[in-house]
Structure formats: structure tokens, C-alpha cells
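Novice: Dumping the structure here so I can ask a few things about it.
Each reported figure results from applying straightforward, stated rules to the coordinates on display, with no laboratory input. Fair warning: this is a prediction, and the values are worked out from it, not measured in the lab. Every residue, glycine as well, gets a Cβ built from its backbone with ideal geometry; the counts of neighbours run over all protein chains shown.
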Amino acid sequence: MAYDFSKVNVLVVESTAEMFKLFKNVLAMLEVPDRNIHSAYSKDEGFEKFCSQRHDIVITDWLDNPDTGIELVKKIRTDDKSPNKFVPIIMTAGSSHLTRVLKSRDSGVSEYLVKPFAADALATRLTRVIEKPRPFVISKTYTGHDRRVKTLPFKGEDRRKEKLEIEYQ
């Protein structure tokens, strides 16, 4: 499905101007207007801009220093100054290593995108946060989207169902 991104405001938090330009070009191909794409190059600048401008989507790099991209996500999700704790956040990184993906998921990231990426991969992530938003969870230890993702149909025994049947017999 094609979307009208002409009114979408996107904050891109990247460590380099070159990567920001790449994101800006891809977003322009998706018809996000230039005036609606904002840049930040650090966690602090990103949070400051997020608080002062109205963003519909945040795209942030992992920002190896050591994990400042993760810190930014947590701050957006939990800080009292955050204007929208429910904003979709797409984390980008140069690695698809499982520990990074899990750490991103556990910080409250909506989607994960490995660099280098194709324009359609970013489009897919944007479409997914629009068409298939997951429920949001707020607890003492976690704030973010429900981390459970539906996968292929389960083919093993349903132990939960068995336990319920035993308890109610």
C-alpha cells in the first residue's frame, strides 16, 4: 500500500553527515518533504530536538559510544520530558548480531534495520510501524512495544493449554 508521507516528520539521529544524507535521500524517494526530515548527530542533540519538535518517527543509529543509541531510545521511552513515549523508533546498525538485536528490542525499539540497506528495506520498516503496530507495554523494568512477535505456526505440544486443563479438572 502506498502512503502519503508529505506530512510525516522524521528525526534521523546519525553519527555522520554522510549517513544522514543517505537517509534523507531515501526518505525523499518515499516522498517525505525535505523540510520534514530533521538531523541530530548525538544522543543529547537527538533528545533535545525530539522534545522541541513534533516527530512522527525516529530513526536512530546504534551510535557506538558504547551504546548511546540504546540510551536515546530508553530516554525517549521513559523520560518525563519526552513528548511522545509511543513514537515508532527504527534502530539502525552495521551488525545483525543477535545480542544487538535483542538489546535494541529490549530498549523499546519498534524495528531494526541493518546497514547497508536498500531503500525498500527502510520502506518496509516504515510500512510495518504504520500497518502492524504492536501493543505498548509500560512496566517498572520496560517501556516499549510488546516484544513478542508472531512467527510461523507453533508445531509443538501446547503445554500452557495442558496446564490449564489440569488446573480446571
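Novice: Considering each of Asp56, Asp44, Asp34, Asp4 in turn, give the residue that is closer than 19 Å to Leu113 by Cα and out of contact with any Leu (no Cβ under 8 Å at 6 or more places or on another chain).
Specialist: Details: Asp44 fails: closer than 19 Å to Leu113 by Cα; Asp34 fails: closer than 19 Å to Leu113 by Cα; Asp4 fails: closer than 19 Å to Leu113 by Cα.
Unique residue meeting the criteria: Asp56.
Novice: Same structure, new question: Taking the criterion of being small (Gly, Ala, Ser), surrounded by fewer than 22 Cβ atoms within 10 Å (Cβ to Cβ) and touching a Gly at 6+ places or on another chain (Cβ under 9 Å), would at least one residue in the range 83-100 satisfy it?
Specialist: First pass over the range 83-100, keeping only residues small (Gly, Ala, Ser): 93-96.
The next check asks that each one be surrounded by fewer than 22 Cβ atoms within 10 Å (Cβ to Cβ); those that pass are 93-96.
Adding the requirement that they be touching a Gly at 6+ places or on another chain (Cβ under 9 Å) leaves 93.
Looking for residues that are small (Gly, Ala, Ser), surrounded by fewer than 22 Cβ atoms within 10 Å (Cβ to Cβ) and touching a Gly at 6+ places or on another chain (Cβ under 9 Å), one finds at least one in the range 83-100, hence yes.
Novice: Considering the range 116-129 alone, what residues qualify as being surrounded by 15 or more Cβ atoms within 10 Å (Cβ to Cβ), touching a residue at least 24 places away in the same chain (Cβ under 8 Å) and in a helix (DSSP H, G or I)?
Specialist: Once the filter is applied, which keeps residues that are surrounded by 15 or more Cβ atoms within 10 Å (Cβ to Cβ), touching a residue at least 24 places away in the same chain (Cβ under 8 Å) and in a helix (DSSP H, G or I), the range 116-129 yields Leu122, Ala123, Arg125, Leu126, Thr127, Val129.
Novice: Another one. Suppose we filter His97, His38 for residues that are more than 15 Å from the chain's Cα centre (by Cα), within 20 Å of Val26 (Cβ to Cβ) and not hydroxyl-bearing (Ser, Thr, Tyr); which single one remains? So that I can check it myself, show each step before the final result.
Specialist: Working: His97 fails: within 20 Å of Val26 (Cβ to Cβ).
The conditions single out His38.
Novice: When Asp106 is evaluated against the numbered criteria (1) over 13 Å from the mean Cα position of the chain (by Cα); (2) assigned to a helix (DSSP H, G or I); (3) not β-branched (Val, Ile, Thr), which criterion, by number, is the only one it fails?
Specialist: All conditions pass for Asp106, except number (1).
Novice: Just checking, how many residues over the range 1-23 are surrounded by fewer than 19 Cβ atoms within 10 Å (Cβ to Cβ) and closer than 14 Å to Thr92 by Cα? Reasoning before the result, please.
Specialist: Of the residues in the range 1-23, the ones surrounded by fewer than 19 Cβ atoms within 10 Å (Cβ to Cβ) are 1-4, 6-7, 9, 15-19, 21-22.
Still in the list and also closer than 14 Å to Thr92 by Cα: 15-16, 19, 22.
Within the range 1-23, residues that are surrounded by fewer than 19 Cβ atoms within 10 Å (Cβ to Cβ) and closer than 14 Å to Thr92 by Cα number 4.
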